[in-house]
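Taking it in order: structure first as structure tokens, then the write-up.
The values are calculated or read from the model by the stated rules, or taken from the named source; none is laboratory data. Worth saying up front: this structure is predicted, and the values here are computed from it rather than measured. In this analysis, Cβ positions are derived from the backbone assuming ideal geometry, glycine residues included, and neighbour counts consider all displayed protein chains.
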Amino acid sequence: MSKAKLEAAIEAAWDKRDTITPDTRGEARHAIEETLDALDSGKLRVAERQDNGDWHVNQWAKKAVLLGFRLKDMEKHEGGPQGGTWWDKVDSKFADWKKKDWQEAGFRAVPNCIVRKSAYIAPGVVLMPSFVNLGAYVDSGTMVDTWATVGSCAQIGKNVHISGGAGIGGVLEPLQANPVVI
């Protein structure tokens, strides 16, 4: 689907968001999933820098992230230390990754880093034990240090060092608020 068609489909789904459930099929589900995949791969960003240096927020992409919560029920996620689990609706970015996926991604993810599906991590990034939330964008050469957090839809530029314990706020809601850009 083209970006314009995705945007139109997401806006239509948003207008009837109370009807979006795990049982939803058809164009709405397809558009939501395709948008989340585009965010996850870096082909789409929640916020994009314009030629004049201003930032444009794709509010429809934020809406897709919010609609994504409606497509899944809560479920058990395994893989925690000592057999621990999580209870969530959002998959790990790394769910079902094989060696080839890691090699193609080109970033380093040390044990105990958490990245949620729909966050983009560019090649050359180093993720220490940290947390990157959904819809975020972390560009090349950046280090997300130990116990640092990159919030929902936050946009982190190239060659940034997010110091240990730092929290970079993201903004998913309220919808009219813009994400943090560094």
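Observations on the model:
- Matching residues, segment 129-178, being hydroxyl-bearing (Ser, Thr, Tyr) and either within 14 Å of Val46 (Cβ to Cβ) or buried (at least 22 other Cβ atoms within 10 Å of the Cβ) (or both): Ser130, Tyr137, Thr142, Ser152
- Matching residues in segment 144-158 - criterion: being farther than 19 Å from Gly68 by Cα and in contact (Cβ under 8 Å) with a residue 40 or more places away in the chain: Gln155
- Taken residue by residue, segment 106-114 has at least one member that is crowded, with 17+ Cβ neighbours inside 10 Å, assigned to a strand (DSSP E or B) and in the same structural domain as Ala136 (by TED's automatic domain parsing).
- Flag if Ala177 is modelled with pLDDT under 95 and not aromatic (Phe, Trp, Tyr): yes
- Flag: Glu78 matches the condition of being modelled with pLDDT under 95, of a type in the set (D, E, K, R) and surrounded by fewer than 16 Cβ atoms within 10 Å (Cβ to Cβ).
- Considering residues of segment 23-76 that are among the hydroxyl-bearing types (Ser, Thr, Tyr) and not in a loop (DSSP other than H, G, I, E, B) only, the residue farthest from Ala12 (Cα to Cα): Ser41
- If the condition is being hydrophobic (A, V, I, L, M, F, W, C) and within 24 Å of Glu48 (Cβ to Cβ), then segment 102-130 contributes Ala105, Phe107, Val115, Ala119, Ile121, Ala122, Val125, Leu127.
- Listed by first and then second residue, the pairs with beta-carbon distance under 8 Å, at least 6 apart or on different chains, first residue in segment 93-115 and in contact (Cβ under 8 Å) with a residue 24 or more places away in the chain and within 15 Å of Gly79 (Cα to Cα), second among the small types (Gly, Ala, Ser) and crowded, with 16+ Cβ neighbours inside 10 Å, are Lys93/Ser118; Lys93/Ala119; Cys113/Ser130.
- Residue check for Lys93: in contact with a strand residue (DSSP E or B) (Cβ under 6 Å, 6 or more places away or on another chain), surrounded by 12 or more Cβ atoms within 10 Å (Cβ to Cβ) and modelled with pLDDT of 95 or more: yes
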